[in-house]
Structures are given as structure tokens and as C-alpha cells.
1. So if I check each of D:S181, D:S164, which one is surrounded by fewer than 22 Cβ atoms within 10 Å (Cβ to Cβ) and within 13 Å of chain A (Cβ to nearest Cβ)?
2. Quick test of your reading of the structure: B:I244 fulfils all but one of (1) touching a residue at least 40 places away in the same chain (Cβ under 8 Å); (2) under 30 Å from C:G341 (Cα atoms). Name the failing condition by number.
3. Out of all the residues in the range C:420-433, which are more than 9 Å from ligand 2 (Cβ to nearest atom) and either surrounded by fewer than 21 Cβ atoms within 10 Å (Cβ to Cβ) or within 20 Å of the chain's Cα centre (by Cα) (or both)?
4. Got at least one residue in the range C:60-78 being within 13 Å of ligand 3 (Cβ to nearest atom), within 14 Å of chain A (Cβ to nearest Cβ), farther than 16 Å from C:D177 by Cα and aromatic (F, W, Y)?
5. Tally the residues that are within 15 Å of ligand 1 (Cβ to nearest atom) and facing another protein chain (nearest Cβ under 10 Å), restricting the search to the range C:102-112.
6. Do we have any residue at all in the range B:292-302 that's surrounded by fewer than 23 Cβ atoms within 10 Å (Cβ to Cβ) and among the hydrophobic types (A, V, I, L, M, F, W, C)?
7. Name, by its number, the condition in (1) on the phi > 0 side of the Ramachandran plot; (2) surrounded by 14 or more Cβ atoms within 10 Å (Cβ to Cβ); (3) over 20 Å from the mean Cα position of the chain (by Cα) that does not hold for D:M276.
8. Which one of these is under 20 Å from B:N203 (Cβ atoms) and surrounded by fewer than 24 Cβ atoms within 10 Å (Cβ to Cβ): B:A113, B:A88, B:A41?
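The values are calculated or read from the model by the stated rules, or taken from the named source; none is laboratory data. This structure is a prediction, so every number in the text was calculated from the model and none was measured. In this analysis, Cβ positions are derived from the backbone assuming ideal geometry, glycine residues included, and neighbour counts consider all displayed protein chains.
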Amino acid sequence: MEFFHILIPILDSTLRYATPLLLACLAGLYSERAGIVDIGLEGKMLGAAFLTGGVAFVTGSIWLGLLAGVAGSVALSMLHGVASITFRGDQLISGVAINFLAAGLSIVIGSAWFGLGGRTPSLPSSARFHDITLPFADSVANVPILGPIYSDLLSGHTILVYVALIAVPVTWFVLFRTRFGLRLRAAGENPAAVDTAGVSVVKLRYSAIIIAGILCGLAGVYLASFAANFVKDMTAGRGYIALAALIFAKWRPWQAMGTCILFGFLAAAAPYLENKSFMGFEVPSQFIDALPYLLTVIILAGFVGKAIPPRAGGSPT
Amino acid sequence: MNKMPRWADVALIPFINLLIAFVISGIVLAAIGTNPFDALATMIEGSFGSSRGVGYTLYYATNFIFTGLAMAIASHARMFNIGGEGQAAIGGLGVAVILLAVPWPHWTLALPAAIVFGGLFGAAWAFIPAYLQAKRGSHIVITTIMFNFMAAALTGYLLTGPMKVKGKMAAETAAFPPGTHLPTFHEMLAPFGIEFSKHAPANISFLVALLCCLFFWVLMWHTRLGYQIRALGHSETASKYAGISPAKIMIITMLISGAFAGLMAVNNVMGEAERMIHNAVEGAGFIGIAVALMGRNHPIGVILAAILFGFLWQGGAELQFVYGIPREMVTVIQAIVILLTGALDYMVRGPVERIFLMRANSKKRA
Amino acid sequence: MALAPEKGRQETAAPTSPAPAIELRGISKAFGPVQANKDISITVQKGTVHGIIGENGAGKSTLMSILYGFYKADAGEIIISGKRTVIPDSQAAIKAGIGMVFQHFKLVDNFTVLENVVLGAEDGWRLTPSLRKARKLLTELAEEYELNVDPDALIEDLSVGHRQRVEILKALYRKADILILDEPTGVLTPDEADHLFRILEGLRASGKTIILITHKLREIMDITDTVSVMRRGEMTATVKTSETSPEQLAELMVGRKVLLHVDKAPAQPGEEILSVENLVVVDEDKVTRVKGISFNIRAGEILGIAGVSGNGQSELLEVLGGYAKATGSIRLHGKELDLTGSKSDGQSRRANGIAHVPEDRHEEGLILDFEAWENMAFGYHNDAKYNKNKFLMDNKAILEDTQGKMDRFDVRPPNPHLHAANFSGGNQQKIVLAREIERNPDLLLIGQPTRGVDIGAIEFIHQQIVALRDQGKAILLVSVELEEVLSLADRIVVMFDGKIMGERLAGETNERELGMMMAGMTPDKSDGAGA
Amino acid sequence: DPAMIFDLGGKFDKSFNEAAFNGAERWVKETGGSYDEFELSADAQREQVLRRFAENGNNPVVMAGFSFASALETVAPDFPDTKFVLIDMVVDQPNVRSIVFDEHTGSYLVGVLAALASETGTVSFVGGMDIPLISKFACGYAQGVKATNPDAKVIVNMTGTTPSAWNDPVKGGELTRGQISQGSDVVFAAAGGTGLGVLQTAADEGILSVGVDSNQNYLQPGSVLTSMMKRVDNAVYESFLAGEAVEPGFNAMGLANDGVSYAMDEHNAALITEDMIAQVEAAKAGIIAGDITVHDYMSDETCPAY
Ligand SMILES: Nc1ncnc2c1ncn2[C@@H]1O[C@H](COP(=O)(O)OP(=O)(O)OP(=O)(O)O)[C@@H](O)[C@H]1O
Ligand SMILES: Nc1ncnc2c1ncn2[C@@H]1O[C@H](COP(=O)(O)OP(=O)(O)OP(=O)(O)O)[C@@H](O)[C@H]1O
Ligand SMILES: [Mg+2]
Ligand SMILES: [Mg+2]
């Protein structure tokens, strides 16, 4: 029971850690399933966080902030699209460039805008998302086991957490149960087939990266709203972890959720492990920080089942 | 297929790309209320106006030559080594280890040792991604990204723990023994009666970098290994037919690539800081991507592109001195350059090619 | 019965002489320097099978790609059943009732047959209903045209023949009235091909119009009603099949009498150079490609391997060339060759005196982005004469060597600094030949020596091969062109399904006999020798 | 004019550099003077900036951050007529004024207040990047807590091990939530930009927080118990005020000379009772008098309190 009382909060924060990862990961999923490799997740998230922080502060409305953030992220997506779809440029390089662009512009514009060295002013609580209490959360709170799980773990998160969770089944349905999904996946596997079938691969891929832009944007919005402002480089590598999660999940929605929650759990549990000797020997916090990357490499190495990316990934139509 | 003369490909296109990049950056500058032309003047003055400015420009350029070559050789084998950042950091570790382990009497002895260890460590950090790509087809871009983060964690651990000097605040190693001090341009040029600022970090590693470029050129276009690397880069199936082992060449190429990146430590760790500082690479690994792209993976191009980015960094600092423009402005320019020379290359190339084709056809008719 | 409507329409349309299904007027298309199509006009009547033949590079695929909206014609117009139609993209083509089966299939390998069929032709935004409908229709088509494939099978698990049926099903599912097949039998085993033709008969019977592109005169004679011949981008003739003969077509195709026989002295076979015993090759996908074959080649003879492509010849070459592993035994001059270990690579093979002209010069034989002189050292880059020392290559030596080879093999243009990609197919092939033949190897492996090569070049290449034989070298010739094997080889083995169907002396056999063996039938000796 | 050099964090790090910035600005406001400034972007620039300002005639040249030590060692002798002020580290040169702060004693005091304010008997600490300086804060804090409430529990977490640990408010917030779930109801953040997330979350979750370096009470009024003020701003202000006359030598800023202190203002007045003030002042007096010795983590890189 004691253990249970530690576990609930850990899982609780796991969920919050996982949210931006999951949103970004699903973004990558749409993009790469359509054959557009996207290592620009980090940049899109950062750009969105910045615009959300700025606009939400200026307008005092998180919803306008959300719009701005998502718009910014989509704009970067479109840049990626123009480069890699229209001009058939190298998708990896384009992704790298977008990460730099966001990192640079957010500060250059930010400093000129607020004169705070790129940081945006703190958002009043009215300009942030608030925790939502699910129905009956309080009444069932003291039901053993299930009570806390529902009212402490599931209930009491911001809307974006639930959006991220709902996005998973939705993504699954879209990809595997709709016409759009079929075509999208085909575009990622063999564009020529889609083309001969009389469907425009270009349109498909653009719509895919726009969806990616929106989801990635939401991830950024989440960060800005949670921290109540934008801080230089505040994505702190989450975009790359999301990328790792995408591979770890072998480009599948449900697995993506599982992986993001696993990575979230590692982060959430780290403080509890930190500076505590673990099974006899000391675990340096750096090791826990690096664990997601290590696991991903192991997966990539094919020791734990092979990760086969969409076949047309990276190749222009 | 050569749709246009070579000079257009190697000179004109990069120039146009650069021009566009500058125009866009100029617009950004104007948008935040700075006259772009004054800004440019300031940057040029600051980076080439004085021997110290030059000293800093070349110091940065030296870093970028190393990382640029690392990126370039990988590209010749059609691999995208985005791991220069981590490889350079680990290279620094190698340099630090050997320079601290031995009480070096003189730099002439220390430098070769540092080169060997920096190279070896960098190569070692590139080996696993290379091996996984070659033998198990794990995408090297992803693995090298992962290894960048792991390098940061590893150096972080060592520099705040085992390798840190007890009682000192900074996450850095002890200073290297005096015997490891590399001659700066000032010390190098004084004998020839050339007065060069005493206070610029540019040092003999610049020559090491140039030698690496020469080595790169010979390797690529005058040795069997280079021939095989290029062949593999162009066609893996053909390489198999020719009895070239793709796996072997991939791994060797990445080892050399990692070594180049690791050698950067000779400049920034040994030559400048004279001790290993936490995350001293400061993004040079990524700039290598831009440098290789602009330099068309050719050593000469790499040198020029590296100097260009050295100019951007030094000039960028100048912009901050004079206008208080945040350093990230340079990151923006860098991003645009990468975008144009890498991803949007065809946007420029296409029209230019068409122009040349038109001229060619009209000649035919005439 | 889903196809009823079209059938109905055909019946009503049939009596009153109907507008032709397709009419092309003055179609022209250039790719930079290449005039792929020059002012081409043809008319194809409804409910007929129209053949188009022509050498590689004649412009057949280009023409069809224009018809299907892949390329935009520089000039000319398209009339579909009486209506002028612009076809900017494949969507328009599909709407116009055109279905295309490409040389290289356009299927999503890890999708099911069903998914591939509905892709792009779904009924609503939800998938399940479309799939249900498709499943029903597929079963109907299956029984009507012998087009049976398992709807739930993944494409990657299907044989080539079945994949092709999926392509046809795709077209029919989209209610295509006009079906274009680009070299459909090139990749098929003979009985698969026969099955295909039965399907086509059925389609014709149900009023569909079929355009069949092929290199194979036999197929033209067998199934087409009319045939058009293309040469170097031009339409040289359109004739009723019943009123023409293979010889006439062949002549129209290449612009002059095809010499079916290379004039060469009878072979004087010497001692045994190569002996292969019980060779087995299993590819990455664990498919056994070569199923225990044995043969030998002696000095001064050309052993021809006939067979439809995909019956193990390529794998055999790859093993001998040193880039595929195998079990069994290969002896060269009685010396065992390493088939799996470190000495089983191309370098060791070359060191052993084996030279190799690969089947696919673009993918294997050449680095298209290398200049001609760099390609001349390709595979021989370790040679002492190309290297100054352990480290440095001797580029000057290579360059001079290249110049000589280009002159002797009449490569045009004889410019060693031109990128391989900028030579035409035939000249690219000459570069490879020059490189390999002038090694004067003990054993020359040569695959599809004249694929995509014009008639002039063919003669030259054949002469070179014979010349090498007469120097007492052993030559292993693999070609899908039966005439070529017959005219060039001294001894012929036929491969089918990874096995050797039989061996004949070139002088003592004929196309019919070999054809049967290529189709997997073993004719009794008398039948063959009789010819 | 004087010159101010900010360390890599940037002058708006809501912390150490920003404190220095505020000091400079205060000087500007009061004297109407002007000064030159530079935000470091690369380690190699330290020496470059120092020289540039010195040659430029700026005097004194003030720099915030221990990392300047080695650069200053080499530069200072070349400019005997220029005065340099180094904050957080000692460089023994005739024209250098070294100012170091007793972060541990200041932290001790806020630790006392935290212990007094805590109802759960569990308090916590969120550090930025895991470096000794931050442990110095943590250790002083822990000692203050334990001294006040021997069986109190102190949870210490560092955000990370790379510089991004200074800029990850989201993780800062999560760490805080984790500590709250372990019972903490007062959290001390010494984590630059990450700290913003800590204070924010503390406010969101209705617990108390303690700011650092500059007075951060105003950031979340009514939620920030106090701030461990490391008066870098004063150090800069006074150096600027003294101008070229600033006198070289070692200068330890402690409780006695208000180099470090706990912040009191209208934003936290309601949170701190007379009785708490009495106790913390007692502790302060005790430390100044030497009756209480606060262990300095830097001295042996160990901490008796955890
Ligand atoms: N995309 C292209 N760009 C440039 N040239 C092309 C292109 N496609 C075809 N060609 C050239 O146009 C000519 C006709 O090619 P096409 O593929 O139509 O010939 P084909 O008759 O189909 O040959 P095969 O029988 O080998 O299929 C050839 O010279 C070919 O090299
Ligand atoms: N797919 C293609 N893309 C671009 N250029 C091509 C393509 N195919 C052929 N070419 C170019 O078109 C020209 C003619 O090529 P092609 O292979 O048709 O020659 P060809 O007419 O077949 O002559 P040959 O009989 O010698 O093969 C060559 O310069 C070749 O490089
Ligand atoms: Mg064709
Ligand atoms: Mg040809």
C-alpha cells in the first residue's frame, strides 16, 4: 500500500511527461507513415511553445496562444514540405535546418518582442490551461485501488493530456480504417503505386505533414502552458526523444503510446532513483537521462525485434 | 549528368544560395530594427578588420573544418553523420585523458599524442552507429543523434564527477600541463617578423586542419579507399559487383569521419581552453553539416565554407557588442544556409540549369 | 454481376461499326536529346488485341506513359472512343477507362491484394465497406477470367505471375475498357504466360480492348489482331497480324534483315576450365533460386544458358561473379573456389581470372556518376598497373588505358572524361565489355550482352565474344534472347526453375525444342534433334 | 564607463545573471550613468570580451561567474590600469576584486524559514544542473532545516546534467510535483529558468516556494515564502558606484554585510510570522557570531545534513 502511494504520483507525472512526447511522436507517425522523415519535431515544438507563450501573454487567452503556436508549427511543417515534397530536397537536412531555425528565431524575435532575452513573460493563470476534474473524481476518490487510480491518476490533468490520449485511438482508426489512412500508408510504402492509382502523392504527403504540424504544435502549446512561459530551448530534447519513441514503437499508434509512457515513466521515476544505490550499485542520474536513447539504439540494433521504417521514407515521389 | 558547367555547380550555386541566405537574414535584421548593411560592415570589420578578429574567425573556422570534413567524408559514402557533435565531445575526452595522464615536456610530443587520442576516441564513438548501419541496417541518422545525447550524458557525468577537480566549481578537468600549450598564431608568426595578436585563440591546429583537408583530398581522389568510398556512395549494388564490401567501407568511412570530428578537440580543448570544459563543442558538430553542404563535400569548399561560418560566429559576437543583437541571429543564418544549400538546393539549381540548357540549345541552333 | 453493364454496352455498340477505342494522332515526345516518340499515330479498334513491338529504347513505354498521363506529349492528340481526351494525369486516364499494367508492378508490397485493389478506388471515406465490396467483385472476376488470387495474401508473398494478376484486377476493378500491358511476359514463366494469354482472350471476348507491348514475335503472332512496329521513336508500320510474318516484323523492327547467325568457326574445346557441381543458391528471403545444378565449360567454347529470366541464371552469375553465397562446388582449373568465406568476393574471383559483364550495366556494371576512365578501373582498382603503390592510385595510367580501350571498342564519343550516364545504352555496354574482355580472362561471364543495344553494336559485341573464345578462353553466356544464345553459343543448357532442363549442342537443336525446355517440358530427344 | 559581462546563462536567466543585471540597472537609474555589456555565447569568448572592454577603456570590468577565473588570470596582468571585478571566484591579482558569497549561510536561513513554515515536516530542493555550486545551496538549506526541525525530511533533486537543465521549467515543475507527492510543502529552487517552473508549480499546487539569487517573491505573490538573495546586484551596483576607484582584493559577502540574506517584502509579509522572523534572526546572529557553523559543501564536497 505504501508502495502504491508512491506509485500513483509517479504514474501521474508519467502521464504529464508522456503527453508532449506522445503528441510529437504521433506527429512523426503521420509524417513518416506518409514517407516524409521528420527530425524537425524538436524545432516545431519549440516554435509552437514560443508563439504560444508570446501570444497567450499578449492576448491573455491561451486559446489564441494555442492557435498561434499550432499555426507556427504548421508553418514550419509546410517549409519542410516545400523543401522535401515540392523541391524533393533532402528530408533529413530540411529537418535539421528547421530545428536550427526555430531555436534561432524564437530568441531573435523574442528578444525584440519582450526584451527578456527570448523568454516570454509569465502567463497569468487565466492564460493557461487548467486541470480538468473528471466527473465523480471526488466521490470515488476513496474507493480502494481504483478510486485513487481514477481520481488521482486519470483525473486532474489539462485538456491536452486527454487530447493526446484520445489522439491515439483516433490515429489508429484514421490510419487503418479509413481511405485516407490506406492512401497515406501506401504513399509511405510505394508512392508510385498511389500515383498510378490516380491519387496525388503530393497532396497526401502535404496533408500528412500538416497533421504532423498540428500535433507537434499542441506538444509545444502544452509545454508553454505548463511552464506558464517560454524559456530558451525549453523543449530540451523532447523532440528527439519523441523521434526515438516513434522508432521504438515501430511506427504504430498504440505502441507509440506505450513507448512514450515508458519514457515518461523513466523520467518520472528518476528523481526517486537518483543518488540512491540501486541493486547494490549507484545509478548516476546521467545514466537515467540517457536511458531512452540507449534503449532506442538497442531496438534499432534489432536485438529486440527489428524496426522496419516505411519503405519510401526519405525518398521523394 | 552535367546539365551545366562545373564552375556553376561548385561556385555559382553556392554563391546564389549564400546571397539568398544573406538577403533573408537582412530582412530579419531590418525587422528587428537594425540596418543590415551596417550590420554586415560591423561583422566584416570585427572578423577581418584586426589580426585578433582574424584570429578568432580562423579559430572557429578550424573547428568547422574538422566537423565539416567529418560530415563530407560520410556523405561521399552516402551516409548522414549527424553525430559530429558527440564525436567531437568524446574526442575532447580522449585529448584530455592523454594530456592529463602524461606530464608532457613539449607540445611537439603532446600534439601527435592528442591527435591520435582525439581521433581514436572520436572514431570509437562513431563505430557503434557505423557497425549497426553496416551490419544491421539501423538508420545511422537516428543512432548518431542518440549517441550525441549519450555523449552529453557521459561527458556530463565525468566532468561533474570523476574528472572534476575536487573543490572547484566548474564542470571541467584540471588545466593541462604547460608542456601541452600549442603555439598560437602570434607565437608561430613572430619568428617571421609578422605581428599577430597575442590574444586570439587561433593556433597551430589550423595547420593540422589544413593537413587534414589535403589528406582528405588525396584519400578521396587518389587512393583505392577513396575510390571505393565514392563508388559505394554512388551505388551499393555496383560496389558488390566490383568486389567492394559495403559493410567494410561504411565502417571505415565512419571511423575516419568520427576521427575528423574528434580531432576538433585538438583545437578547442587543447589549443584554446587547455582543459576540457563541459559541452565545449557548442554546436560545431552541427555546423559541420552546413559546411559540408556548402563546400560540396570537397576540401577546398569545406575550407571556404568553414571560414564563412567562422566569420558568422566572430561577426555575430561583434553584432552583439555593437547592436546587442542576440547571438542566435547566427543560428538563424546558419539554418537558412543549411536549408538552401541542402534541402532547397533544387529551388536554385532548377532555374539555373534551365538557363544553361537554354543557352546550350540556342548555341546548337546557331 | 458487376461487369454486366459494360458487356451490355459492348453488345449494343458492336454491330454499328463503332468509333475506335483509341486513336493517337501525331504524338511526339523528347527527353532532352532523345526523341523518344516522333509523330506517332495509331488506331486501335474496340474489342481487339493490338500489339506493339520494338527494340529496347524504341519508345514503346514512353508512348504508353503518355496515354496513361505520366508524360505530357510535346505534340499530338488522343481520341478515346470518338472523344478528344486530354490526359494530364493517371486519374484522367482511369476516368477515360484506361488501365495499365507496367513493366515494373506498382503494388504496395506489404499491403494485401484487397488493399492494393481498392487503393485509390475506394467507395467512401471508410475502408471496411470498400474492402467488402472488392472482395465480392474479386471472386466474380476470378471465376470469369481465371484471375484467382487470395484476396488476403500480402503482395510480397505472391509469385510474379500472381502479382501481375493483381495489377489486372486493379484495372478491371476500376472498370477499365482499355487494358495496356507493357512487356507482361518478360518476367513470367511459360505456363504463367500461357495463363495470362487465356486471361487476355477472356477479356477480349468480354469486349475489352487490349494493347500488348512485347519483344516476342511469337506472342504477337499468337494473340494479337493487329500489330504496330516502332523503331527509334517512330511508328514504322501497323499491320493485321494475320497478314504478316515474324520475319517481316523482325525486319520492320530493326530496319534490316536480322542475321540470326554469327559467322564463327566451329569451336575447338580444350581442357576443362570451369566445373560446377550441385550448386545451390538460397537468397536473402530464404528462397532457393538455384536447385543443385552441375555443368562444365572447356577452354575455347561458349556455353550458353537459355531460360526465361528469373529461373536462376542471375543468381548463378552472381555466385560465379562473387557477390552471392552458395553451397556445392565450383572448380576453376580444378581448383576449388570459395563459395561462402572471405575469398568468395568479387576481388578474389577476378584474381582467379574470372571476368564478368553483368546483366544490368546501370545497376551493377557501371557507376553512372563516375567518368568513363574511373569506370574502366571499376572492379580492377586493386590492380598493380592501376596503382602507384600500396596507397596511391595511378590515375594517369588508368586514363591512358581507358583511351586505348575506348578506341579499340569504338565507344562513342571516345571521351574518357564523360560521365557514364551520358553515354547511350549501347556505348555504355561497350565500356563494360572493353573493361572485362581486355582482361583476357580465363573465364568470361557475360549476362544479357546486347540488352538495350542497337543492331550495329550487337554485331560488334558478338564478334568480340567469339574472338575471345577463339583465343581459347571459356565463356559463360546468359541471355533471355533465344536467337542470341542459338547464334552465339557452342553448347546450350536450359535453366528452368533453378534446375537444368537439359543440354544441347547449338548445331543440334532449335528454338522449338529449347522453347519447350524453357517452359519446363523435357522433349524426347528425337523430337528435338529432328529439326 | 563600466562594463558588465554576463555568463552563458544570459542576463535574463531570472537568477544569477539577472541579479547582476538588476544591480547595473539600479546604478544607471540612480546615477544616470551608462555601461557596456556582453552576454557570453561561447567559452572561447571570455578572454576576448575581457580584452575588448579593457582596451575599450571600460573601467571597471565586472564579470559574473566563476568560469571567468582562468581567463581573467591571463588578462588582468596585461591591463594593470583596468580594474576587474570577478563575482563567485577568487583571482589573486593586484587589479582584481574578487567577490564570493556565502551561499551556504544564506541558504541556511531560508532553510530555517522553510522548516518553520512547513506543516508536513517535509521540505524539498530543486537544483538546476548538477554542479558543486548548487550542492552548496542545497547543503546549507538542508542544514538550516535540520537545525530547526531535526526530524524534518529534505528531498533534494537536480534537474539534469547538461546545460539544458537550466532551461527546463517543465521538468522543474514535474520534479516539484513529485516532491509534493512525497509530502513536501516548501520547495527551494536554485535552478535558473527551470526554477520558474518550480515556483509556478508550487503556486499551482498551493504549496510554498523559495526563490533564489534575486528577490523572486513577486513572481508568485503569496506563494513564494521568501528568496535566498545572493546580492550579486549589490556587488555590481557598488562596483559600478566605486568606478575606477573600486579597490582590489578578496571580498567575502556574507550575512554580516548583507551579501546574502532572505527576502522580505509585501509579497510574502503575510507568510512569515513575527515568531519566524525572531527565530531566523537568531540563527543569523548565531552564524555571524560564530556560534553556529554552517558546513560549506565546497570545502570537502560532502554534506552532513543529507
Ligand atoms: N525519363 C526519361 N528521361 C530521358 N530519357 C528517357 C526517359 N524515359 C525514356 N527515355 C528514353 O526514351 C527512349 C524510349 O524509351 P522507352 O522506355 O519508351 O523505350 P521502350 O521501347 O519502352 O524500351 P524497352 O523495350 O526497353 O522498354 C529511350 O532512348 C530511353 O532511353
Ligand atoms: N532514363 C533516362 N534518363 C535520362 N537520360 C536518358 C535516359 N535513358 C537514356 N537517356 C539518354 O538518352 C540518350 C539515348 O539513350 P538510349 O539508351 O535511348 O540510347 P539508344 O537510343 O538506346 O542508343 P543505343 O542503341 O546505343 O542504346 C543517352 O544520352 C542516354 O544517356
Ligand atoms: Mg519499355
Ligand atoms: Mg538503348
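1. Step by step, each of D:S181, D:S164 is checked, and only D:S181 is surrounded by fewer than 22 Cβ atoms within 10 Å (Cβ to Cβ) and within 13 Å of chain A (Cβ to nearest Cβ).
2. Every condition holds for B:I244 apart from (1).
3. Matches in the range C:420-433: C:V432, C:L433.
4. yes
5. In the first step, residues of the range C:102-112 are kept if they are within 15 Å of ligand 1 (Cβ to nearest atom); the result is C:102-105.
Next cut, facing another protein chain (nearest Cβ under 10 Å) only: C:102, C:104-105.
Of the residues in the range C:102-112, 3 are within 15 Å of ligand 1 (Cβ to nearest atom) and facing another protein chain (nearest Cβ under 10 Å).
6. yes
7. So D:M276 meets the others, but not (1).
8. On inspection, the qualifying residue turns out to be B:A113.
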